[in-house]
Structure formats: C-alpha cells, structure tokens
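Please read the structure below before turning to the comments.
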Amino acid sequence: MGDKVQMENMQKYLLAILVDNKPGVLTHVSGLISRRAFNIESISAGYTEEPEVTRINIVVSVESDRELEQVVTQLGKLIDVIKIVNLTKLPSIARELVLIKIKAGKESRADIKNIVEIFRAKIVDISPENVVVELTGQQSKIDGFIDMFADYEIIEIARTGAIALSRGPVPVKEM
Amino acid sequence: MKMNGAQAVLESLKKEGVDVVFGYPGGAVLTLYDAVYKMKFPHILTRHEQGAVHAADGYARATGKVGVVFATSGPGATNLITGISTASMDSVPLVCITGQVANPYIGKDSFQEADVCGITTPITKHNYLVKKAKELPRVLKEAFFIARTGRPGPVVIDVAKDVFDTEIDFNYPETVSLKGYSGEYEGDEAEIDAVVRAIQKAKKPLVFTGGGVNTSDTAQELRDIVQRLGVPVTTTLLGIGTYPADGEGFLGMAGMHGSYGSNMAIQECDLLLCIGMRFSDRVTGKVAAFAPHAKIVHFELDAAEVNKNVEADLRVLGDLRWSLPLLKDKLSKVPDDFRSRFAPWLEQAVTRAKEKPFGYVEEGEAIKPGALISKIGSLMPRDTIAVTDVGQHQMWAAQFFNVYEPRHFLTSGGQGTMGYGLPAALGAKLGKPDSPVVLFTGDGSIMMNCQEFATIADNDIDVKVVILHNCILGMVAQWQRLFYSHHYSQSELKGKTDFVKLSEAMGVKGYRLTKKEELETVLPKLLAEKGPLLIDVMVPEDEDVLPMVPGGKRLDQMVLGGKD
C-alpha cells in the first residue's frame, strides 16, 4: 500500500463497502484497486450484523473529486459490491487499532508506562526485554503515539487500518 | 431431475437458448465432453482455445446472443485469456466454462492447474469457481444474466473436475437474486430534458455514435433521432454500422485514422452528442483540445465511463434502450424546426467531408488496399458482415468498406488483438448463416490464428478471407517510418509464406491476386463462389494509413493523404 509518492494535494477518504460474503470477493475488490492504479492507504474487512454481508473499509488517497468518483463508480461495477458510502463526507467516527512491540528493559519501562497513560493506551504484554502496547483511536492520534516512541527501539508495529461508522441511527445499508 | 454436473451444465445452456458452443476438450472437462457426446450438443471444435473464444466473440457480436466457450484447466484456460480480454474491452457477452482440477487437488500445483479466477478477475465482468455441484444451476443462471445485461461482458465459470461427475437434482432457477446488481439502468428523465434544451440552443450539433448503440440494438432509435434533427453523424470504430454509410450526413469514422470531415466537425461543433462511446485515446487525440467549442453530452450506461477520460457537460446515465426512445419522443414534441435550422451546418459538414474523402493514389499495376476494399464492398451485398484483424488493413476496412447495418462490422477495438479475425469470422457466419461474411486480414494477423482454416474447412463455413499481403507488419512499419527513422526493426515478413498453400493444406481453396486488373477480371468470380476461400492479395509494402492524427496532437492536426 502507499507505494506511490504522497503528494501534497492528496485527500484521504474513508469508504465503507458492503459486499457479498462469497469466496473471491476480496480478490475482486483488491484486484480492481491495483488494476485501476488507485492509491489505497489501508484496507480492512470483517463480518457484519448480517452473516452474508462483509464490510470492507478502505482509505483512499485521491487528487481530485473526479478521481474519487472513479474509485466509487469502478468499485460499484463489481457484481459482489452491494453498496459504497463515503463516510468522510458524513458525520462519522473512525477508529484504528495499533499494537506496538517496544524493546524495554527495567530502566525504560516507567517512561513507556507514562506515555501509555497519557494516550490512554494499554500495556498488553510484558517480558524482561520488551512490552507490547495497544491503542485505539483516530489515525492522527495513533501517528502521534508512535512518534512518541522515536527514542525507543520499536521491534514491530501492527495496524488495522481505519474502520468507521456514521453517527446517528441510520446504517450504511440504508443510506 | 437427477443428473451429473456435466449434464446440468448442458441443460442450463439449453434453458439459456444456447445453440452452439465453441471449445476444445481436455482432461478436466472429459465428463463435460462425454455429456456433449451423449446429448449431441452442438459444438464447434476449434484448433486452439484462443480460436474458440474469438469465435464465440464473433458469434456474440454478430447475433447479440451470449457466446459460449468450453476449455480445459491450466493451459486450456490460459489460452482463453487474450480472447476474454478482447471481449471485455469491447463489452461482448461471453460465458466461458473452464475445467479446474478436482477439489482435492486445488492449490497443490497439480497437473494442469492454474488459478483461473485469479488470472481472469481483471478481464471479466464476473467470475466463479464452482466447487459444489449443487451450485451449478444458480451460477449458470447468474452468469448468463450478468454477461448479457447492463454493459455486457465476459463471465468465467471455473468448475472443479469432480463437480462434473457429481449427481445433483437439477432445477434451473427462474430468476436471479444478486444484491449488488440488477442489470437495469433507467436513469433520470430530467437529464434528457436538459439535452433537449441544449439541442434547441445549439447551432452546430454533431452526433457521435459508438459501440454501445450496436450492443444495445438501438441503431433504429439513433437513426430516427438523426432524421428528426438533420445533423451530421460521425462514429467510433466500434460504432461503425450503427448509422448507414450512405445515410444523410454521415461523415465516416473519427479519430486517429478517422476522416477529415469527422475530425474537423468534432473540432468545430458546438454540441457533441456522444452516444454509447467511451472516449478512447484513439478517438480523442489530445484530450485537452478535444471538441474545444462543444458542449459535450454523454449518453452512457456505465457510470464509471462518465468523466473518466473526457469531462461531460451533460450526462444521460442509463441504458440506451431507455434513453434514446425517450429522447426521440421528447424531440418529436418540441415545435422547433430542427432540420431547416441545422441545414446550413449539415451542408457545411458534408461538403467539407466530400472535399477530402478517404483516398489513395494509383500506382501502375499495384493493387491499392483502398481500391481492393472498395471493390469488394461494391461486389458484395448490403447485408455483408465485415470482420477484420488488427493493423493497417483494419483501418482501411473501417475507411473503405461501406457498412449499412448494426452488428455488421466486427473488429477488436479496445485490445487491438491480432489473430482475432479468422475465428471471429467463422463464429459470425455460424451465428448469421444467411449473411455473407468477409474477413479482411493481413499477412501478420492471419498467422496468429491460421490454424482455424482447419475448423472452417471441417465445418464448411462460408467465409471469404482476404489477406492484404504486404510482406511487412504494416502498422508497425508505418510508425517506424514516421517516428523511428525508417528502421524496420523486426517488422519485415519477407514474403516466403505461401498463404494459398497454407489454406489449401488445411482444406480451404486459395487464390492469389497480384495485378490491378484482376480486381475486375478475377475477384468478382471468386466472391461469387460458394464455400470458404482465401484470396491472397499482394499490396505495396510502403502504403500509409491516412489521415493520421499523431499521438498527443489535436484531431485537426491530422496528416492528410490520398487524392488531395
């Protein structure tokens, strides 16, 4: 992902895509994204309240509304795609989960615990040499959290990519 | 009714009204072919899977029905790829049924295994891997529905070998239920009202018709609208035939090798009514300077085509079968006397087109491609279906062969697939047995699927194959002359291949024409013969296709040629 050079004028949008929960559907979606050379920041998929429907959350970077329209209309042509809603254009809540494994001996553990508390993150695993911390939040918060560990040795990071729901009672499928 | 998966496939095809399958057997489809044998299902054995898929494509383009292909797993399926891609780019409805290795062998790099769904995802409208026999009826029903509705396209059904052997209780569904696809595209009538108002304000409207009019069988509505308005008409390569070549105001094909009259009219018009076309780079020239004075109206079914390459000022999103009758109806209710108001513009556009028609310069005894194709056009009936391969001869056929009816000019537009012609021609003839079929091909293209002469001979398929034989890859050489200092890098064919012997070796009679007078003395007799034949016509090596809009130039910056 993100293998294109980021441009200053790129806009990010979070799209919620409801698809038929059938074999091959992720291939169809991801294949289309690469074929049309769309720039994807993140993609995540999971089950929904309906067993036969999967929700794919993608964050796209586009240069113009016209490019965004292309992403939406091209994805809309896929037979397994039921619905696409641009949540960035609606009042919505977006969250991402990150797990970070940091090298931490006795001397640095207290500092790390401080940062974790300030961000309301959690330490979820600890060993004599490392800790694993968990944080949920908006992308900017997670970026800021990771920046705080610049002086420590980060062993690895796993991020989910953003997922989102609109505010209010109406689900995406009824929009 | 109890039957195995193979029989279920064929029963489904019967329910869909399939009257012929093009294919090639192999290990993973042996049970399917055993059912073909037992049920005596009509099947044409081509000599290569690529031949089968192009034949199905030619059949589908000529008839409007879904073309059906069978192939085995692995190489059988991968040999279909070029043909599926060709059909996808030109919106041709196909259902390709490929055998896959048996369920327990999937994913094990088994003999003749290939990830067919993975490979075909970017070039199909949809695809399926069927691992359970009970899914077959639903999948086949959906596949035909998806292939033929909306913007048509190819659908691949990859079936695990053991599925063909598994017994099921066959019940063909009456309907499909797809959450994300209805196949119906009725748009917003207000968009059509806006177009009517734009036409009322326009002084120089031009109709630009594309492949969508062929695909949706709306040529009659288009012709009625043009008749009501009295405006000039141009076409894309795939739009050829939607408006008759001798129809009032017809300016010929537009674009890179389009007519002077068409390209100039596009650059001058103040309203461009683009109908079922997708603004390919071959049609627009320099996009930023395309139709600079025009309000662009885009009649289109596929929302992803609107504003993709060219930004439309007005759009009418929806099936042409919905929008064109409505436009026609609305125009009939407007009191405007369009015909007399647009008459000066029509006169101007037609006069300009006549000043610089497609042409060629006679040179001694040589047979000029333009002369050959025009002559064949004059000798063959109006309902002749012309099929082409890809290259110079394709453009000459588009320029010089007069086409009068929709679905009568079959050519690989989007992909530009050399080797398309011969199999597509045989497929077209099988679909339309009462229409004469002529193939224009080149000495480059014909070799890419020449094995299909054997299929034509075996089944006595009456196709007239005309090779424009210039001993060079003509279009490559033309670009090498123009842009690569005349370096004929790997484009010379040296002329050692004897096409007459080649076709005769496979059971198709062949003739060779070398002199201009033979167009009068020999050609008429050949075309009047019954049954398939090849006519190998020697043409000059250094003839350019003109006019030509060089890449990145405006349509009015074309290099002219011919008689001017």
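Please tell me if B:ASP217 is open to solvent by 10 Å² or more (accessible area, probe 1.4 Å) and at positive phi. Give the steps one after another, and end with the answer.
On the way: open to solvent by 10 Å² or more (accessible area, probe 1.4 Å): yes; at positive phi: yes.
So B:ASP217 fits the description; yes.
Among the residues in region B:442-450, are any of a type in the set (Ser, Thr, Tyr), at negative phi and open to solvent by less than 10 Å² (accessible area, probe 1.4 Å)? Steps first, please.
Step one: filter region B:442-450 for residues of a type in the set (Ser, Thr, Tyr), giving B:445.
Narrowing further to those that are at negative phi: B:445.
Applying the additional criterion that residues be open to solvent by less than 10 Å² (accessible area, probe 1.4 Å) yields B:445.
Taking every residue of region B:442-450 in turn, at least one turns out to be of a type in the set (Ser, Thr, Tyr), at negative phi and open to solvent by less than 10 Å² (accessible area, probe 1.4 Å).
From the list B:GLY419, B:GLY427, pick out the single residue that is more than 17 Å from B:LYS368 (Cα to Cα), within 14 Å of the chain's Cα centre (by Cα), modelled with pLDDT of 95 or more and outside any helix (DSSP H, G or I). If you could, list the steps in order and put the result at the bottom.
Numbers: B:GLY427 fails: outside any helix (DSSP H, G or I).
Only one candidate passes the filter, namely B:GLY419.
If a residue has to be assigned to a loop (DSSP other than H, G, I, E, B), in contact with a strand residue (DSSP E or B) (Cβ under 9 Å, 6 or more places away or on another chain) and closer than 17 Å to B:CYS471 by Cβ to count, how many in region B:525-542 make the cut?
Just the residues of region B:525-542 that are assigned to a loop (DSSP other than H, G, I, E, B), to begin with: B:529-532, B:539-542.
Next, only the ones that are in contact with a strand residue (DSSP E or B) (Cβ under 9 Å, 6 or more places away or on another chain) stay: B:529, B:531-532, B:539, B:541-542.
Applying the additional criterion that residues be closer than 17 Å to B:CYS471 by Cβ yields B:539, B:541-542.
Total satisfying the criteria: 3.
Are any residues in region B:306-317 open to solvent by less than 10 Å² (accessible area, probe 1.4 Å) and either of a type in the set (Asp, Glu) or more than 14 Å from chain A (Cβ to nearest Cβ) (or both), and if so, which ones?
Listed by number, the list holds a single entry, B:VAL316.
Conditions: (1) within 12 Å of chain A (Cβ to nearest Cβ); (2) of a type in the set (Lys, Arg); (3) over 29 Å from the mean Cα position of the chain (by Cα). B:LYS134 meets all but one. Number of the miss?
(1)
Taking the condition of being free of Cβ contacts under 8 Å to residues at least 40 places away in the same chain, charged (D, E, K, R) and not assigned by TED's automatic domain parsing to the domain that holds B:GLN480, how many residues in region B:505-559 meet it?
0
Specify the residue that is nearest to B:LEU320 (Cα to Cα); the eligible residues are those in region B:147-170 that are in contact (Cβ under 8 Å) with a residue 40 or more places away in the chain, open to solvent by 10 Å² or more (accessible area, probe 1.4 Å) and assigned to a loop (DSSP other than H, G, I, E, B). Give the derivation first.
We begin by selecting, within region B:147-170, every residue in contact (Cβ under 8 Å) with a residue 40 or more places away in the chain; these are B:147-148, B:150-170.
Among the residues that remain, those that are also open to solvent by 10 Å² or more (accessible area, probe 1.4 Å) are: B:148, B:151-152, B:161-162, B:165-170.
From what is left, the residues that are assigned to a loop (DSSP other than H, G, I, E, B) are B:151-152, B:166, B:170.
On the way: B:ARG151: 11, B:PRO152: 13, B:THR166: 43, B:PHE170: 36 Å.
Restricting to residues being in contact (Cβ under 8 Å) with a residue 40 or more places away in the chain, open to solvent by 10 Å² or more (accessible area, probe 1.4 Å) and assigned to a loop (DSSP other than H, G, I, E, B), the top hit is B:ARG151.
For region A:40-71, name all the residues that are within 14 Å of chain B (Cβ to nearest Cβ) and in contact with a Phe, Trp or Tyr (Cβ under 9 Å, 6 or more places away or on another chain).
The answer is A:VAL53, A:THR54, A:ARG55, A:VAL62, A:GLU67, A:LEU68, A:GLN70, A:VAL71.
Mind checking whether some residue in region B:309-317 is farther than 20 Å from B:ILE225 by Cβ and either touching a residue at least 24 places away in the same chain (Cβ under 8 Å) or outside the structural domain of B:LEU206 (by TED's automatic domain parsing) (or both)?
Kept after step one, since they are farther than 20 Å from B:ILE225 by Cβ, are these residues of region B:309-317: B:309-311.
If we keep only those that are either touching a residue at least 24 places away in the same chain (Cβ under 8 Å) or outside the structural domain of B:LEU206 (by TED's automatic domain parsing) (or both) too, we end up with B:309-310.
Yes.
I'd like to verify a number: residues in region B:78-122 that are closer than 20 Å to B:THR417 by Cβ and open to solvent by less than 30 Å² (accessible area, probe 1.4 Å), how many? So that I can check it myself, show each step before the final result.
Keep residues of region B:78-122 that are closer than 20 Å to B:THR417 by Cβ, which gives B:78-96, B:98, B:116, B:119-122.
From what's left, open to solvent by less than 30 Å² (accessible area, probe 1.4 Å): B:80, B:83-87, B:90-96, B:98, B:116, B:120-121.
The number of residues fulfilling the criteria is 17.
The values are calculated or read from the model by the stated rules, or taken from the named source; none is laboratory data. Predicted, not measured: the structure shown is a model, and the values here were computed from it. Here the Cβ is made from the backbone with ideal geometry for all residues, glycine too, and neighbour counts use every protein chain on show. When the accessible area is computed, the model is the full protein with side chains, heavy atoms only, and any ligands, DNA or RNA have been set aside. Shrake-Rupley method; radii C 1.70, N 1.55, O 1.52, S 1.80 Å.
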